[in-house]
Amino acid sequence: MASIRQVKAARALLGWSQGDLAERSAVSKPTIARLETGEGDLGGYSDTRDKILSALEAAGVEFIPPNGGGAGVRLRKQQDAGGEI
């Protein structure tokens, strides 16, 4: 489960607005705005959460679970033309 802060951080890493996330996730912008006003874990219906997280992951975001250093996000390394990372 991802937190609201992780979703906001992921959008920031990608340079996405709430509208960009709405477009890419097929979730309405008002729904994303409403979900982002909360604290803690990302709420909403499970289908809505899945769409939001899937869109961010498809764009290269990795959600890092709390592992002693706290939860976070990062961008996956991009492969170059030769397939190397």
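The values are calculated or read from the model by the stated rules, or taken from the named source; none is laboratory data. Just so it is clear, the model here is predicted, and its values are computed rather than measured. Please note: Cβ atoms are built from the backbone with ideal geometry, for glycine as well, and neighbour counts cover all protein chains shown.
For the range 20-67, the tally of residues that are under 13 Å from the mean Cα position of the chain (by Cα) and hydroxyl-bearing (S, T, Y) stands at 3. If the condition is being more than 19 Å from G70 (Cβ to Cβ), surrounded by fewer than 16 Cβ atoms within 10 Å (Cβ to Cβ) and without any contact (Cβ under 8 Å) to a residue 12 or more places away in the chain, then the range 12-30 contributes G15, S17, G19, E23, S28, K29, P30. Note on the range 31-42: residues that are without any contact (Cβ under 8 Å) to a residue 12 or more places away in the chain and either of a type in the set (D, E) or touching a helix residue (DSSP H, G or I) at 6+ places or on another chain (Cβ under 6 Å) (or both) amount to 0.
Quick check: anything in the range 46-58 part of a loop (DSSP other than H, G, I, E, B) and surrounded by 10 or more Cβ atoms within 10 Å (Cβ to Cβ)? No - not one qualifying residue is present in the range 46-58.
Which is crowded, with 16+ Cβ neighbours inside 10 Å and either outside any strand (DSSP E or B) or not hydroxyl-bearing (S, T, Y) (or both), of A9, A33? Unique residue meeting the criteria: A9. Inside the range 32-85, residues that are modelled with pLDDT of 90 or more and polar (S, T, N, Q) make up a count of 4. Scoring W16 on the criteria (1) at pLDDT below 95; (2) at negative phi; (3) part of a loop (DSSP other than H, G, I, E, B) leaves a single failure, condition (1).
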